[in-house]
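Below: the structure, in structure tokens.
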Amino acid sequence: MSIRYHAASRTIHLQGKDTSYVMQIVHEGYLAHLYWGKKIRATPLTYQIPFKDRAFSANPDPSDRTFSLDVLPQEYPAYGRTDLRSPAYHIQLENGSTITDLRYVSHRILRGKPKLAGLPATYVETDDEAETLEIELEDALIGLKVILSYTVYEDRNVMTRSVRFVNEGNNSLQLLRALSMSIDFPDAEFDMMQLSGAHCRERHIVKRPLTVGTQAIESRRGASSHQQNPFLALLRKGAGEDQGEVYGFSFVYSGNFLAQIEVDQYDAARVQMGIHPFDFSWLLHPGESFQTPEVVLVYSDEGLNGMSQTYHKLYRSRLCRGVYRDKVRPILVNNWEATYFDFDADKIEKIARTGRELGIELFVLDDGWFGRRDDDTSSLGDWFVDRRKLPGGLEDLAERVRKPGMEFGLWVEPEMVSPDSDLYREHPDWCLHVPERSRSEGRNQLILDFSRQEVCDAVIQMLSGILSSAPITYVKWDMNRHMTEIGSAALPPERQRETAHRYMLGLYRVLGELTSSFPHVLFESCSGGGGRFDPGMLYYMPQTWTSDNTDAVERLRIQYGTSIVYPVITMGAHVSAVPNHQVHRVTSLQMRGAVAMAGNFGYEMDLTKLTEEEKEIVKKQVALYKEIRHLIQFGDFYRLKSPFEGNEAAWMFVSEDRREAIVFYYRVLSESNAPLRRLCLKGLDPMLDYVSLEDGQTYGGDELMHVGLSIPDLTGDFQSVIWRWRVKNG
């Protein structure tokens, strides 16, 4: 059993593979947090929470001045009953008050992991993979029931948390804050890591020590965003890539979020994560309930690498779904940077035919194929083929692409509508807006109101028609602006602040229905690149376009940062033309290929303009990736050198049986009279010998990991080296 209850001490102990999580029911039903960390025996803890009279910390029981919620480490703290720190939830009653008092009622232990209605979440394939603890808390005065859900995976260092609110009272309640988890650490001896950035500069690693007060990352943009990823980690002082304790928190949600850490007056650290309470509320009438999304918590005593590999394996196999979860991904060419909006069927066929000659497997038709879409000022929402460009329609084009042996894919942006579109002229109230205010535009577009069922139904019908009209096996689903004037014409005034979350629920319903109806289609998520690279989207679409920035140097940081949480198989990575269209840098085709191979490989350029020499290089890159892609997409990933710390970067992939490996090394700028450097590998079997596929030399696994490889003398800027290894006689 993974979960045990000790009645005498009223403690609940959850155990994962190498981790323990312990809580206790104390002082008339308050749920206290005792421990989360390295696995300990499942016996009752001798440790007791010390209680002490603290000045200015009020007491819920005036007769006991040693007990105050203001200093008690708690599992799901409330506002106003002596805890003056940040609450996990906040509720307004019909009388205007906002005080609640949750007490333990009961708990139950379930085999497996229940689904979350209407929400993405990690899952199990058999009930013996995990156990779930549901703790029922109640505020008897108002009839509020809160169910805290904890799932612990038997063979992983993973726990998931979520919360369900149920109004069993006689009056309506207004949820003002409903976070998915809260945990109180006894100290603040941590560094906080976050993944931050901007459009074309996503998920850069930022690390800072905790300090007294509140430190937070958040999105109020209506999407998880380029600016902040819904993830944070706490690193014990001295923890690094391969050593020390690391605690990870990842939110399975694609909309507004808050992740914060409050360090209190006694240096205790409260970590919280969930839907952003800013501009959020949810009305609960008697008998109604509200389910929060889940947070995935990971513990590692093997540094960041241990945490990352836990997330990678979980998200690759128990978050991503569908037939492509366990299939290698195709090598593609996308026409966006080759043609932008200026193309016709003949031009597309030429690019596709050239791609097939080079060994590429999939052609993706990007923006500009529908309505009268000659630029970004019109036609979003008019999902019918532009016969000026494609007189034979998608079916004809798809057949022309497929004839030489390519698959055919398509770009769509179904969440958006152009003011200059037939759809908007027919349904101007179908976009997010508020009465009597002008409607802000981003990229000349508005956002459809996915909180409305009829809008979602119309989008499902339109997209189903398109996907049924031609042999389409890939869809790139884009979303190119953030939310403003967040309001819905279909909701009453008291529910307007539900719009942003109802939008996400509608989006998840649309994605669920389409991906179920078209299981043969590989869906890739995109939002101006990596603006919605989050676990919520990966549940429906098993890969994401990592960034609109395809420059090889910039991609080193973007892909390295993304790998902190997300498996490489979820990252789209393409070779583009030079000068690069985002930063105008000229890098070698060799390095561009080596960087893009550390992801789902493809090209984003006009292949017909390549020289014969360049075509030979591309042929070799494509052939190499076909040999290594199973290792890249399903192997264990190790970071060797950080591009955030110097002029070099390196990473490697090792097969699950440790009998095969591939190493990528990158040097950005040339150095004068540079020192001789070595690169130590990771993840190999120290007792096995490995043969280099480049020169046939044999090295011991222990030698490669501890003595290392000599990095060859490289000439010029933007250089890369690839080494491949297989076990001798293996």
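From the Cα gyration tensor of the chain, with a ≥ b ≥ c the square roots of its eigenvalues, which class applies: rounded if a/c is under 1.5, or else prolate if a/b is larger than b/c, or else oblate?
Judged from the Cα gyration tensor, the chain comes out oblate (a/c at least 1.5, b/c at or above a/b).
Taking the Cβ of GLY371 as the centre, find all other residues whose Cβ is under 14 Å away and add up their charges (Lys, Arg: +1; Asp, Glu: -1).
Details: positive: ARG372, ARG373, ARG387, ARG388, LYS389, ARG425; negative: ASP367, ASP374, ASP375, ASP376, ASP382, ASP386, GLU413, ASP420, ASP422, GLU426.
Here the charged neighbours net out to -4.
Taking the alpha carbon gyration tensor of segment 76-318, what are the square roots of 5 times its eigenvalues, largest first, to the nearest whole Å? Could you put the intermediate results ahead of the total?
Values: eigenvalues 168, 93, 62 Å².
Each semi-axis is the square root of five times an eigenvalue, giving 29, 22, 18 Å.
Mind jotting down the distance between the C-alpha centroids of segment 541-611 and segment 20-91, whole Å?
48
In whole Å, how far is the Cα centre of segment 152-168 from that of segment 455-504?
About 28 Å separates the Cα centre of segment 152-168 from the one of segment 455-504.
Kindly write out, for segment 662-675 in residue order, the coupling ³J(HN,Hα) from the Karplus curve 6.51 cos²θ - 1.76 cosθ + 1.60 (θ = phi - 60°), rounded to whole Hz, with x marking Gly and Pro.
Each residue's phi maps through the Karplus curve to give 9, 10, 10, 10, 10, 10, 6, 10, 5, 10, 7, 6, 5, x Hz.
Between LYS347 and THR698, how many nm apart are label points set 7 Å from Cα along the C-beta direction?
Computed distance between label sites LYS347 and THR698 equals 5.7 nm.
For GLY409, what is the net charge nearby, where nearby means another residue's Cβ is under 9 Å from its Cβ and Lys, Arg count +1, Asp, Glu -1?
In short, -1.
In whole Hz, with x marking every Gly and Pro, tabulate ³J(HN,Hα) for segment 191-203 from phi via Karplus 6.51 cos²θ - 1.76 cosθ + 1.60, θ = phi - 60°.
In residue order, the calculated couplings are 9, 9, 10, 9, 10, 10, x, 6, 4, 6, 8, 7, 6 Hz.
Given LYS237/LYS626; LYS38/LYS115; LYS113/LYS682; LYS39/LYS207, which pairs have Cα atoms separated by over 32 Å?
In this structure, LYS237/LYS626; LYS113/LYS682 exceed 32 Å between Cα atoms.
Give me, ordered by chain and number, the residues 5 or more places off TYR690 or on other chains with an amide H under 5 Å from its own placed amide H.
TYR699, GLY700, GLY701, LYS728
With an 8 Å Cα cut-off and a minimum separation of 6 or more residues, compute the relative contact order for the chain in percent.
Relative contact order, the chain: 10 percent.
Hey, how many Å between the Cα centroid of segment 351-374 and the Cα centroid of segment 269-286?
Rounded to whole Å, the Cα centres lie 43 Å apart.
Consider just the alpha-carbon atoms of segment 301-432 and return their Rg together with their Dmax, both in angstrom.
Cα only, segment 301-432: 19.2, 60 Å (Rg, Dmax).
Hey, can you grab everything whose amide H is under 5 Å from the amide H of TYR474? Only 5+ residues off in sequence or another chain; H modelled, so Pro and N-termini drop out.
Placed amide hydrogens put LEU410, LEU522 under 5 Å from TYR474.
Taking amide H positions as placed in the peptide plane 1.01 Å from N, state which residues far from ASN600 in sequence (5 or more) or on other chains have amide H under 5 Å from it.
Those qualifying (amide H under 5 Å, at least 5 residues apart or on another chain) are MET571, GLY572, ALA573.
Going by C-beta contacts inside 10 Å, put HIS427, HIS13 in order with the fewest on the left.
Starting with the residue having the fewest Cβ neighbours, the order is HIS427, HIS13.
Quick one: order ARG667, ARG495, ARG108 by neighbouring beta-carbon count within 10 Å, fewest to most.
ARG108, ARG495, ARG667
Tally Lys and Arg at +1 and Asp and Glu at -1 over the other residues with C-beta under 14 Å from the C-beta of GLY240: what net charge comes out?
So the surrounding residues net to -1.
Considering only DSSP beta bridges whose two residues both sit in the chain, what percent are antiparallel, to the nearest 5?
Roughly 80 percent of the beta bridges in the chain run antiparallel, per DSSP.
Using only the Cα atoms of segment 648-727, what do you get for the radius of gyration and for Dmax, in Å?
In Å, with Rg to one decimal and Dmax whole: 13.0, 41.
Based on other C-beta atoms within 10 Å, arrange LEU284, LEU141, LEU688, LEU607 from fewest to most.
Fewest-to-most ranking of LEU284, LEU141, LEU688, LEU607: LEU141, LEU688, LEU284, LEU607.
Rounded to the nearest 500, what is the 222 nm mean residue ellipticity of the chain from helices alone, with -39500 (n - 2.57) per DSSP H run of 4+ residues and division by all residues? Could the numbers behind the result be given before it?
On the way: 12 runs with 136 residues, N = 730.
Dividing the helical sum by the residues of the chain leaves -5500 deg cm²/dmol.
Laboratory data are not the source of any read-out in this text; all were calculated from the coordinates shown. If you're wondering where the values come from, they're calculated on a predicted model, not measured in any experiment. With ideal geometry, Cβ positions are generated from the backbone for all residues, glycine too; neighbour counts draw on all protein chains shown.
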